[in-house]
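I have placed the structure first, in the form of structure tokens, so that the comments after it can refer back to it.
The values are calculated or read from the model by the stated rules, or taken from the named source; none is laboratory data. Every value quoted in this text rests on a predicted model; they were computed, and no experiment measured them. Cβ placement follows ideal geometry from the backbone for every residue including glycine, while neighbour counts extend to all protein chains displayed. Surface accessibility is based on the protein's heavy atoms, side chains included, excluding ligands, DNA and RNA. Shrake-Rupley method; radii C 1.70, N 1.55, O 1.52, S 1.80 Å.
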Amino acid sequence: ASGNATLYNFKLVPDTGIYNKLVALKKAPDNLFILSVKKMFIKNVGARKAYQEKILNINNISIENPDLTIINKRYAFNDTVKVGEPKTPYQIIKKIFRQLRIDSVLLKDISLNYINKSNAVTKQTALKHLDINISDIVIDSLSVNDPGRFYYTKGIDVTVHDYQIATPDSLYRARVKKIYFSTSQRKIILDKVTLLPRYNRVNFYKQTGEAGDIYTLKFKSVAINNIDLQRFFRDQKLYAGTMDITSPDVQIYANNAFKGKKNSKIGKDPQQALQKVALDMRLKRLNIKNADINYSEIDATTGATGQILFKQTNGYVLNVTNDAAAKRINPYMTAHINTRFMDAAPLQVNFKFNLRAKDGAFNYSGELGKFDGTVLDKLVKPLAMVHVVSADIEKLTFNINASNYSGKGSVEFYY
């Protein structure tokens, strides 16, 4: 009479015997799901209309604390170009219902385990404290062709709370206060992102056994907009319009008094590190808003700390990609940055990176504006034991072609 139903200890488990038969017949799906739910509440099922008119309307499905495992293994035979159009959900249900509509599906506090078996090495990702809200699901003869729908829905919103993960080398821990993903808006927002060392500076060098930089990164927010959802879900490639990074605080620390082994930095420039990221990606534009960058280094001789500061940094980077197909179309990533050097002088820098160059070839050019040269004491006095009594800097212009091995160009210094 009420149309309400509550299910306890609900489980959805794949029949592996049937699945293996479907693999042999080249009819198996790319994804398998294992779902365990302690409680599921279904509100306002229109039973009379479902029986009389073959139209099933449900007001809401609420699932609490589900434990979901998704096993992904992509098969070439699911390429519709080769085998024709697969059956739509409507074709599957049409003998029972002419239409299925669910106003909303809410999954609260999900534990999600995603296993990707599509490549030679199996990859596994686990998420906790995940909320998913699916709005306005319609499956009928027309909804499959509705351009305003994503997989028969008006939208899927995913929220992850208090996500954290250690880096593969266990030296850092990444934390995100909240991750929000919306299919209707085609965006991902990461709120309060941090990458912090797991050890203090002394123990960090003991852990690595080598000299190097220690990074501390904090971002107010990171937003990725205009995501190609079909490419992301089907091919696990992140193609998007823009990425906005707001109020980054970047601190880099080095201690050249540490006598551990020193590794070569060849092949580790930023554009080369991008090529090693596991996720294939292409961002048309990356915007940097109001960043502060602080590099500090302790000198072995003086024991003092020198600093280079870049304050109020703004700029953008174009064609941020590691995808082979995208690089064949355009192999160059460019960056245009405005900042305040030592918080005393305007600095404009332009970069052009050849993403296909094995030697990391790139060009940088720009101009440093007028400033009082005594501010350089923060850098040269601790590290070079040079004291700047007075200096009137008018400007410095530069244009350099560089690689992992050398740099050559012109510098003009007016003082």
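Rg and Dmax of segment 275-389, both derived from C-alpha coordinates alone, stand at 17.8, 55 Å.
Working from Cα pairs under 8 Å separated by at least six residues, relative contact order for segment 25-183 is 18 percent.
Look at the alpha carbon pairs under 8 Å that are at least 6 residues apart: their mean separation over the length of the chain gives a relative contact order of 7 percent. Between Leu196, Leu25, Leu106, the residue with the greatest mean-square fluctuation in the GNM of the chain (Cα pairs under 10 Å linked by springs) is Leu25. With only the Cα atoms considered, segment 20-170 has a convex hull volume of 164 Å³ per residue.
Placing His129, His161 in order of accessible area, with the largest value first and a 1.4 Å probe, yields His129, His161.
What length, rounded to one decimal in nm, is gained on full extension from Tyr414 through to Asn9, with 0.36 nm per residue of separation minus their alpha-carbon distance?
On the way: separation 405, 0.36 × 405 = 145.80 nm, distance 7.64 nm.
So the chain would gain 138.2 nm between Tyr414 and Asn9.
A straight chain from Lys123 to Thr302 at 0.36 nm per residue would run longer than the Cα-Cα distance by 59.7 nm. Across segment 304-340, the residues whose backbone nitrogen lies under 20 Å from the label position 7 Å along the beta-carbon direction of His387 are 304-307.
Work out the length of the dipole vector of segment 145-214 about its Cα centre, built from +1 on the beta-carbon of each Lys and Arg and -1 on the beta-carbon of each Asp and Glu, and round it to the nearest 20 debye.
Values: 12 positive and 7 negative charges, 43 e Å.
I would put it at about 200 debye.
The magnitude of the dipole of the chain, with charges of +1 and -1 set on the Cβ of Lys/Arg and Asp/Glu and taken from the Cα centre, is near 1580 debye. Calculated accessible area for the chain comes out at 59 Å² per residue, all protein chains present (probe 1.4 Å; ligands, DNA, RNA ignored).
Using r as the Cβ-Cβ distance of Asn350 and Thr167, and R0 as 35 Å, what FRET efficiency do you calculate, to the nearest 0.05? Working from the Cβ atoms, E equals 0.65.
Report the paramagnetic label zone for Lys311: residues of segment 191-212 whose backbone N is under 11 Å from a point 7 Å from Cα along the Cα-to-Cβ axis. Answer for this model: none.
What is the sum of charges around Val176, taking Lys and Arg as +1, Asp and Glu as -1, for the other residues whose C-beta is under 10 Å from the C-beta of Val176? Please list the in-between numbers first.
On the way: positive: Arg175, Lys177, Lys178, Lys192; negative: Asp162, Asp191.
Residues close to Val176 contribute a combined charge of +2.
Which parts of segment 161-192 would a label at Ala278 reach, counting a residue when its backbone N lies under 12 Å from a point 7 Å out along Cα-to-Cβ? The answer is 166-169, whose backbone nitrogens lie closer than 12 Å to the label point. The charge dipole of segment 5-93, taken about the Cα centre with unit charges on the Cβ atoms of Lys, Arg (+1) and Asp, Glu (-1), comes to about 160 debye, rounded to the nearest 20. Computed from the alpha carbon atoms alone, the convex hull of segment 177-231 holds 118 Å³ per residue.
Here the chain exposes an accessible surface that is 55 percent carbon and sulfur, computed with a 1.4 Å probe and the other protein chains kept in place.
Taking a ≥ b ≥ c as the square roots of the Cα gyration tensor eigenvalues, with a/c under 1.5 meaning rounded and otherwise prolate when a/b beats b/c, else oblate, which class fits segment 42-131? Cα axes put segment 42-131 in the oblate bin. Looking at segment 1-102, the DSSP beta bridges with both ends there are about 85 percent antiparallel.
Select from Asn200, Pro66, Phe413 the residue farthest towards the positive end of the dipole of the chain; place +1 on Cβ of Lys and Arg, -1 on Cβ of Asp and Glu, and compute about the Cα centre. Projecting each Cα onto the dipole axis, the largest value belongs to Pro66. Counting every pair of alpha carbons in the chain, the share spaced more than 38 Å apart comes to 38 percent. Scoring 40-52, 163-175 by mean Cβ neighbours within 10 Å over their residues and listing the highest first yields 40-52, 163-175. Sorting the segments 94-101, 56-63 by their mean number of nearby beta carbons within 10 angstrom, highest to lowest, gives 56-63, 94-101.
Rounded to the nearest 500 deg cm²/dmol, what is the calculated helix-only ellipticity per residue at 222 nm for the chain, with -39500 (n - 2.57) per DSSP H run of length n ≥ 4? Don't jump to the answer; show the numbers that get you there.
Details: 9 runs with 60 residues, N = 415.
Theoretical 222 nm ellipticity from helices: -3500 deg cm²/dmol.
For segment 277-326, what does the relative contact order come out to in percent, with C-alpha contacts under 8 Å and a separation of six or more?
Working: 76 pairs, mean separation 25.4, N = 50.
Relative contact order here is 51 percent.
Starting from the Cα-Cα distance between Tyr151 and Asn294, subtract it from 0.36 nm times their residue separation and give me the gain in nm to one decimal. Before the final figure, lay out the partial values.
Details: separation 143, 0.36 × 143 = 51.48 nm, distance 4.58 nm.
Extra length available between Tyr151 and Asn294 comes to 46.9 nm.
Amide H to amide H, with H built 1.01 Å from N, Ala257 comes under 5 Å of Ala300, counting only residues 5 or more places away or on other chains.
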